[in-house]
Amino acid sequence: MGNMEKKLYTGIATVEGGRDGKAVSSDGVLNLDLKVPKELGGAGGHGTNPEQLFAAGYAACFDGALNVAIRMKKIKVEGTKVTANVTIGKDANDAFMLTAKLDVSVSGVDADVAEQLVADAHQICPYSRLTREGMAVELNVVD
């Protein structure tokens, strides 16, 4: 895991009520109800969950990285689309874990070109780097 030399942007969100609570960003743009999915023993209903939020963030970040790779290689494409599948489960020690699968579409190029662009994007994308190297986390207890 490398050290961050230059901070570019910090997204801030606060959650109250855990998985059955509310998530709000510091600028108020994000304002979401959270609900535990039925598959995890919750009531379900109208609301999102951490897995969907991670999937949305990863898909958006990867698609952005994919478009950087396309620009770097000066390749013309018709369009891109990334669908992230983020699954919560348990490992052999009964500890929670996440897995991710990205389904990536690059329209207008041959499959071998698309595969290389996806591989390049995987090296560029900060979420992908997080999955490979981990992330520095600072924990603070506050009032």
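The values are calculated or read from the model by the stated rules, or taken from the named source; none is laboratory data. Note that the structure is a prediction, hence the values are computed from the model and not measured. Methodologically, a virtual Cβ is constructed for each residue, glycine included, from the backbone with ideal geometry; neighbour enumeration extends over all protein chains shown.
Observations on the model:
- Residues of region 106-143 that are over 17 Å from the mean Cα position of the chain (by Cα) and either closer than 20 Å to Glu51 by Cα or assigned to a strand (DSSP E or B) (or both): Val106, Ser107.
- One residue alone among Lys22, Lys7 is exposed (fewer than 11 other Cβ atoms within 10 Å of the Cβ) and either free of Cβ contacts under 8 Å to residues at least 24 places away in the same chain or farther than 21 Å from Ala136 by Cβ (or both), and that residue is Lys7.
- Screening Ala60, Ala55 for residues that are assigned by the TED database to the domain that holds Leu117, surrounded by fewer than 16 Cβ atoms within 10 Å (Cβ to Cβ) and assigned to a helix (DSSP H, G or I) leaves exactly one candidate, Ala60.
- Residue within region 64-78 that is hydrophobic (A, V, I, L, M, F, W, C), assigned to a helix (DSSP H, G or I) and within 23 Å of Thr10 (Cβ to Cβ) present: yes
- Here region 79-105 is the region considered, the condition is being of a type in the set (Gly, Ala, Ser) and part of a loop (DSSP other than H, G, I, E, B), and the residue that is surrounded by the fewest Cβ atoms within 10 Å (Cβ to Cβ) is Ala92.
- From the list Val109, Val137, Val82, Val141, the one residue that fits, being at negative phi, β-branched (Val, Ile, Thr) and touching a helix residue (DSSP H, G or I) at 6+ places or on another chain (Cβ under 7 Å), is Val82.
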